[in-house]
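The values are calculated or read from the model by the stated rules, or taken from the named source; none is laboratory data. The shown structure was predicted, so the numbers you read here are calculated from the model rather than taken from an experiment. Cβ placement follows ideal geometry from the backbone for every residue including glycine, while neighbour counts extend to all protein chains displayed. Note: areas computed on protein heavy atoms with side chains; ligands, DNA, RNA excluded. Shrake-Rupley method; radii C 1.70, N 1.55, O 1.52, S 1.80 Å.
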Amino acid sequence: ELFYTFCKSYSIEKSCVKLWTLQSPLYPTLTTALYEDNKYILQKYMPLIRGMNQYLANKPTNKEMRCYRGSPMTDKQFKRYKKGNEYRAPRLGAMSQSYTQA
């Protein structure tokens, strides 16, 4: 029902993003399923994931942005990333433009 309320005001893709960012069981459930690569839960949420991916991939910013994401990544893992390269994580990840919030 909430999805249909969003769809009255936003595109389907943006509605998917709005739902994911709500404080609800959806965010932790989907995030855990992505990290664990749980195909059963992911299959259930695939339309939502596809909508979010469509929105993010088709809405580039018109300016350069720096975003931060907290991570338990080890130094060894971190060293694989090279300054100047562009990366797209194979999962959904919430980010912030605030270093302290990330």
Name the residues of the range 54-74 whose amide N is less than 17 Å from a point 7 angstrom out from the Cα of Gln101 along the C-beta direction? 65-71
With label points set 7 Å from each Cα along the Cα-to-Cβ direction at Met46 and Met73, the distance between them in nm comes to 2.9
Give the range of the longest stretch in the chain that excludes all chymotrypsin sites (Phe, Trp or Tyr not before Pro) found in loop regions by DSSP and having at most 15 other beta-carbon atoms within 10 Å. 11-80
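Using 0.36 nm per residue, how much length does the chain from Thr31 to Tyr10 gain when fully extended, once their Cα-Cα distance is taken away?
Values: separation 21, 0.36 × 21 = 7.56 nm, distance 2.33 nm.
Contour length minus Cα-Cα distance gives 5.2 nm.
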For Tyr68, residues with placed amide H under 5 Å, excluding near neighbours: Ser96, Gln97, Ser98
Exposed-site-free run, longest, the chain (rule: trypsin sites (Lys or Arg not before Pro); DSSP loop; at most 10 other C-beta within 10 Å): 1-62
Across the chain, qualifying lysine pairs (alpha carbons under 26 Å, at least 8 places apart or different chains) come out at 16
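For the range 32-102, what does the alpha-carbon gyration tensor say about shape, rounded, prolate or oblate, given a ≥ b ≥ c as the root eigenvalues, a/c under 1.5 as rounded, and a/b over b/c as prolate? List each step's numbers first, then the result.
Numbers: a/c = 1.94, a/b = 1.26, b/c = 1.54.
Oblate is the answer for the range 32-102, as a/c is 1.5 or above yet b/c matches or exceeds a/b.
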Rounded to the nearest Å, the spacing of the alpha-carbon centers of the range 54-74 and the range 1-36 is 18
Could you state the accessible area per residue of the range 31-102 in Å², with a 1.4 Å probe and every protein chain left in place? 93
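For a test of the definition: using alpha carbon positions, the gyration tensor, and the 1.5 limit on a/c, classify the range 38-79 as rounded, prolate or oblate.
Values: a/c = 3.65, a/b = 1.16, b/c = 3.16.
Verdict is oblate for the range 38-79.
If each residue of separation counts as 0.36 nm, what is the full-extension length gain between Ala94 and Lys39 once their alpha-carbon separation is subtracted? Write out the running numbers ahead of the final one.
Working: separation 55, 0.36 × 55 = 19.80 nm, distance 2.08 nm.
Fully extending the segment from Ala94 to Lys39 adds 17.7 nm.
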